[in-house]
1. Of B:Lys6/B:Lys29; A:Lys92/B:Lys92; A:Lys44/A:Lys92; A:Lys6/B:Lys6; B:Lys44/B:Lys92, which ones are farther than 32 Å apart at the Cα?
2. At 7 Å along the Cα-to-beta-carbon direction for both A:Val108 and B:Glu115, put a label point, then send me their distance in nm to one decimal.
3. Counting partner chain Cβ atoms within 10 Å of every residue's Cβ in A:286-293, what's the average?
4. Relative to the longest principal Cα axis of chain B, at what angle does helix B:78-92 sit, 0 to 90 degrees, rounded to 10?
5. Which three semi-axes in whole Å describe the equivalent ellipsoid of the stretch A:10-53, each the square root of 5 times a Cα gyration tensor eigenvalue, listed largest first?
6. With a cut-off of 8 Å between alpha carbons and a minimum separation of six or more residues, what is the relative contact order of the stretch B:212-285 in percent?
7. Taking 0.36 nm per residue of separation and subtracting the Cα-Cα distance, what length does fully extending A:Ala11 through A:Lys44 add?
8. What does the stretch B:166-297 give for Rg and for Dmax, in Å, if only its C-alpha atoms count?
2 protein chains.
Amino acid sequence: MTTPRKPPTMADVARVAGVSPMTVSRAFKQDTSVSEATRGAILKVAEDLGYVFDSTASNLRSQRTNFVAVTIPSINNANFADTVGGLSDGLKERGLQILLGYTNYDIVEEERLIEQLLRRRPEAIVVTGGRHTERARRLLENAGIPVIETWDLPEAPLGHVVGFSNADAVRGMVDHFVARGVTRIAFIGGDADRDTRGTDRRSGFIAAMRAHGLDASRLIAAGAPPISMREGADAMGRLLDSLPDTQAVICVSDLSAFGALTECQRRGVDVPGRISIAGFGDYEIGAVSVPTLTTINPFPRDIGARAAGLIVDLFSGAQTDPARIEIEPELLVRGSSV
Amino acid sequence: MTTPRKPPTMADVARVAGVSPMTVSRAFKQDTSVSEATRGAILKVAEDLGYVFDSTASNLRSQRTNFVAVTIPSINNANFADTVGGLSDGLKERGLQILLGYTNYDIVEEERLIEQLLRRRPEAIVVTGGRHTERARRLLENAGIPVIETWDLPEAPLGHVVGFSNADAVRGMVDHFVARGVTRIAFIGGDADRDTRGTDRRSGFIAAMRAHGLDASRLIAAGAPPISMREGADAMGRLLDSLPDTQAVICVSDLSAFGALTECQRRGVDVPGRISIAGFGDYEIGAVSVPTLTTINPFPRDIGARAAGLIVDLFSGAQTDPARIEIEPELLVRGSSV
DNA sequence: ACAGTGTTTGTTATCGATAACATAAACGGG
DNA sequence: CCCGTTTATGTTATCGATAACAAACACTGT
């Protein structure tokens, strides 16, 4: 049986290659002055010895971790996954790695998560949303690294912002319906304030309806956010039972909108003939379902890509002032609405 | 303007609190011998100074990172997200944090990712699938940490396994159809071997059909894995055009199965009256769509939870031999099949 | 031939927490 | 009241890479 030897260090590689540890260190970096011959020889020795570079030591000495911390409400959400994908791809070239955590749509959990992430000494942190606990705000402000809030346009940003107004986006949807003469409009969303983006969308709905002088009381609470397809279907059932003259329903997400659509199908309610349905997020399902779903595309991948670009610019010195990058969501009118 | 001071260290906290740095270190750990009075005082000073524990130094000295590395094919996939969720929750209590990366269904990319992750010195690594490059295998074997392969039952495992046979699962589905007298069955999947689980499912389909003496040539390639709803719909279109007498189609995932279903709806093809459709993965959409989708539930969250439990047992010494935990997928017969 | 410039390599001290060891204070039973 | 035991704290050296500084070497133009 083989003794579980201690893994080789740079010093071991240096000894075998006949150079100083410093030269080995340089050989593992880019754009450092080591002759190609030496570098090649060193990397070969390293591979033969099974040496794997130890970031933990490098991180401490150089005070650089190459980590970018990212918090998202849920890992199981195609929109946030897209944002992380955009971030990840944009940061990969600069050798930056994402340290991901999820908050379960809970700002207390977010505070815990932020502290845990900051302990790893990330070089920047990207958070979803603009609402945080007092302590979380303090932690972020004192961290001494760029802070980017996304998916929102906070009134008092902590640093940089890459987002859009959830309320305005829904307002545009309401305006669209009203312009077509649709006035009895309902909103299906979560029943708690935990999902701040969902809450903002509902507020936008209410404000827009009132601005048109319309009844903004057709609000269906569908359960704890994030609400699922199933919950969207249940909510639609309750809506059809209680307010059967509703002409259109705006759902907090495409997932709940699809659930609502299926409930109509089960009941033989024609969409969009008898009722129009709209979602939010431009999930793939909305482009494929029968009928396709009217929705809003907030360009989640772009949010991540722009945040990544911002971080790169900040590190290269090309950007210094707090940035406020506003994404313009796009209204997609499709088959589920008149 | 405030000078960007250097962030405080443990030594700073110790000085202000009037104790040694070692005592501060102990105060930040659990189950260490510090009087409650001292600990309270130290934590208060730390909070006042805005001190945040520095893991990078701790990691180096203690040779423990509390990282568990995890590789998944795609971040944007509800099944893998569930596995990560199960892992994350199971590890959280032990203070272990997930270091996540995705491979894009590419084993060359996986090799790069594995090396990058190992540089961070994780204490265990969980990979999706059992097929790896030679170098990736060597890296994993030499890492000196527990290796867990998931979502598969490799013939030559690297270490521990938490998975199931994709081929056998699809075989069960074929058997189900054949038992009902359905014999002209097609398979819709990706057109490359990159997605090894998809390939295994197709192999299982072919083997099962042959075992029944049936024609196994109704194979539709729908594009590069992972195939989307849209690609599932396109593939269904081609299937209906080229082999209109097909009685049932098994899709590599619920997403493509749903796409296939919508194509039937657009064409007025009755499901399951004229053709049955089955998926894989038990995504939420299959439980909500009209009709609901026959599928296979491989319990993705359990895979993650069992892997987490295994890691905890390994660290506590309760488990020493290589484990092989087999998950039993469940066939869910629903509205989309006869 | 030689100062001046650029390239390649080496030496030393250090990043910030903690393992290992040592010691002082508190406790408890006969 | 004393010694063995537990509890609470301190001291010193160290994890493994690299920043900062230094120096040897090669080349270039006059």
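Bear in mind that the values in this text are calculations on the coordinates, not laboratory data. Worth saying up front: this structure is predicted, and the values here are computed from it rather than measured. For neighbour counting, all protein chains shown are included, and Cβ atoms are generated from backbone atoms with ideal geometry for every residue, glycine included.
1. Numbers: B:Lys6/B:Lys29 24 Å; A:Lys92/B:Lys92 27 Å; A:Lys44/A:Lys92 25 Å; A:Lys6/B:Lys6 35 Å; B:Lys44/B:Lys92 25 Å.
Result: A:Lys6/B:Lys6 exceed 32 Å.
2. The answer from the label model is 4.6 nm.
3. On the way: counts 0, 3, 12, 8, 8, 3, 1, 0.
Whole-number average of other-chain Cβ neighbours for A:286-293 is 4.
4. Roughly 30 degrees, rounded to the nearest 10.
5. 15, 10, 10
6. 32 percent
7. Contour length minus the Cα-Cα distance gives 10.4 nm.
8. 12.9, 35
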